[in-house]
Amino acid sequence: MRKTMMWVSIVALSVMLAACQSKDVDMEDKNSTGMEQQEAERDLQTEEDGHDHVHSEQEVHNHEHDKEDDSDHGHEEEGDHNHEHDVELERIYSGYFDDDQINNRELSDWAGDWQSVYPYLLDGTLDEVFEHKAKQSDSMTAAQYKQYYEIGYKTTVNRIVIERNQVTFYEGEEVNTGEYVSDGYEILTYEKGNRGVRFIFKLTEPTEGLPTYIQFSDHSIYPTVAGHYHLYWGNDRAALLEEVVNWPTYYPTSMDGHTIAHEMMAH
């Protein structure tokens with residue numbers, strides 16, 4: 001009887017141990033499965049995060065690309081506009097323009113201290129200008145150009161100072177200042193078909209040693225600061241408009257002859 005109870009106890013203990021081991025295996029399987037699922041979820045999340053990051057970078061790239069396209073398009077438009085503007089200025093400079101493009105100008109457009117270029121022609125500084133023109137022409141030599149410009153530039157007024165409405169003429173040792181006001185403008189048509197505009201100013205009070213009228217021509221037809229100009233002066237307004245042979249030319253006194261020569265060749 002005692003042996004029988006002992007065997008029963010052993011069998012029962014074996015069953016209990018087997019049940020515990022089975023439970024532990026199940027728990028390990030569940031834990032393993034849970035960990036694998038968590039790792040898989042983390043991997044998936046990492047992939048999604050990575051995709052979002054790539055997508056975000058792509059959006060940034062596309063946005064930057066769009067900005068670059070807009071910028072390039074803007075530069076192209078600006079370049080086209082500048083080119084058209086340059087072409088228009090060149091046409092006006094050459095004497096081709098419409099009447100409605102003309103606007104009257106103030107004396108302040110020519111304000112400054114100006115020197116005649118005639119002395120630079122006489123001392124040979126401008127010879128390179130005439131040589132440059134001869135190379136671009138089949139009709140005139142450098143010597144012929146110099147002769148032509150010698151007539152055009154000739155003057156005894158070597159300096160002019162313009163400040164507000166005051167114009168001062170320096171002719172040798174003689175210095176005369178007078179006040180000038182706008183007297184409108186006149187359009188001239190030249191032999192080859194191009195045109196020019198003379199902007200005219202009149203002396204407010206008769207003053208000895210000063211012309212009644214001065215007429216500016218600088219190839220511009222509306223308000224702008226002049227870089228140089230041709231000046232005609234005298235007491236007969238209409239007669240001055242007929243003068244197309246002698247056109248004393250003035251550049252800023254701050255420029256030396258060599259700089260003036262290169263400025264001329266640029267045009």
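The values are calculated or read from the model by the stated rules, or taken from the named source; none is laboratory data. Please read all numbers here as calculations on a predicted model, not as lab measurements. Cβ sites come from the backbone with ideal geometry, for glycine too, and all protein chains shown count toward neighbours.
Please go through the range 85-97 and give me each residue that is at pLDDT 70 or above and not aliphatic (A, V, I, L, M), ordered by number.
Of everything in the range 85-97, those that are at pLDDT 70 or above and not aliphatic (A, V, I, L, M) turn out to be Asp86, Glu88, Glu90, Arg91, Tyr93, Ser94, Gly95, Tyr96, Phe97.
Quick test for you: out of Arg195, Arg237, pick the one residue that is surrounded by 15 or more Cβ atoms within 10 Å (Cβ to Cβ), within 34 Å of the chain's Cα centre (by Cα) and farther than 17 Å from Tyr118 by Cα.
Of Arg195, Arg237, the one residue that is surrounded by 15 or more Cβ atoms within 10 Å (Cβ to Cβ), within 34 Å of the chain's Cα centre (by Cα) and farther than 17 Å from Tyr118 by Cα is Arg195.
Which residues, taken from the range 220-232, are within 21 Å of Val157 (Cβ to Cβ) and not hydrophobic (A, V, I, L, M, F, W, C)?
Answer for the range 220-232, where residues must be within 21 Å of Val157 (Cβ to Cβ) and not hydrophobic (A, V, I, L, M, F, W, C): Gly227, His228, Tyr229, His230, Tyr232.
Does Leu107 fit the bill of being touching a Lys or Arg at 6+ places or on another chain (Cβ under 9 Å), of a type in the set (A, V, I, L, M), surrounded by 15 or more Cβ atoms within 10 Å (Cβ to Cβ) and more than 24 Å from Leu240 (Cα to Cα)?
Against the criterion (touching a Lys or Arg at 6+ places or on another chain (Cβ under 9 Å), of a type in the set (A, V, I, L, M), surrounded by 15 or more Cβ atoms within 10 Å (Cβ to Cβ) and more than 24 Å from Leu240 (Cα to Cα)), Leu107 does not qualify.
Scan the strands (runs of 3 or more DSSP E) fully inside the range 181-267 and keep the ones with 2 or more residues being under 20 Å from Leu89 (Cα atoms), out of contact with any helix residue (DSSP H, G or I) (no Cβ under 7 Å at 6 or more places or on another chain) and not basic (Lys, Arg).
195-203
Listed residues Leu203, Leu126; which is modelled with pLDDT of 95 or more and touching a strand residue (DSSP E or B) at 6+ places or on another chain (Cβ under 6 Å)?
None of the others qualify; the one that does is Leu203.
Can you confirm whether the range 161-178 contains a residue that is touching a strand residue (DSSP E or B) at 6+ places or on another chain (Cβ under 8 Å), assigned by TED's automatic domain parsing to the domain that holds Tyr250 and within 24 Å of Ser94 (Cα to Cα)?
Taking every residue of the range 161-178 in turn, none turns out to be touching a strand residue (DSSP E or B) at 6+ places or on another chain (Cβ under 8 Å), assigned by TED's automatic domain parsing to the domain that holds Tyr250 and within 24 Å of Ser94 (Cα to Cα).
How many residues are surrounded by fewer than 14 Cβ atoms within 10 Å (Cβ to Cβ) and of a type in the set (A, V, I, L, M, F, W, C) when one looks only at the range 130-158?
Here the count works out to 2.
Conditions tested, residue by residue: (1) free of Cβ contacts under 8 Å to residues at least 40 places away in the same chain; (2) buried (at least 17 other Cβ atoms within 10 Å of the Cβ).
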{"site": "Val175", "(1), (2)": "yes, no"}
{"site": "Ile187", "(1), (2)": "no, no"}
{"site": "Glu208", "(1), (2)": "yes, no"}
{"site": "Ile214", "(1), (2)": "no, yes"}
{"site": "Ala226", "(1), (2)": "no, yes"}
